[in-house]
């Protein structure tokens, strides 16, 4: 019979203090918030792409006297092609600014997460997993 050897991994018992638990909780909250912000950014980018597509389609329209319905809230209002183009441009600029703001918030959260990772890995080493699942 073949002898089997098992590698025993020594798991250190590390006391988790209240401050450590607070850091872990803060890490989890920030990770969740960052995921929500990234989802929101993707939704806004999709809306921006839709506005750009509408703007491109509007440019291809050859009839200058055509009234184009533009949705404001729950109501569609007809505007000239030029007015509609201006409104689309304003909407695109607004979305770009919102995306920039969200991306800066994600960057600041990533800085906080990086700092917390350093602190928590320094104390717990391999006994804690702070990496996001890629599934």
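The values are calculated or read from the model by the stated rules, or taken from the named source; none is laboratory data. This structure is a prediction, so every number in the text was calculated from the model and none was measured. In this analysis, Cβ positions are derived from the backbone assuming ideal geometry, glycine residues included, and neighbour counts consider all displayed protein chains.
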In region 43-55, is there at least one residue being within 25 Å of residue 131 (Cα to Cα) and under 31 Å from the mean Cα position of the chain (by Cα)?
yes
Among the candidates 85, 71, 21, single out the residue that is in a helix (DSSP H, G or I) and without any contact (Cβ under 8 Å) to a residue 24 or more places away in the chain.
21
Contacts under 9 angstrom Cβ, first residue in region 120-135 being more than 17 Å from residue 25 (Cα to Cα), partner at pLDDT below 85 and assigned to a loop (DSSP other than H, G, I, E, B), 6 or more apart:
125/12; 125/14; 126/9; 126/11; 126/12
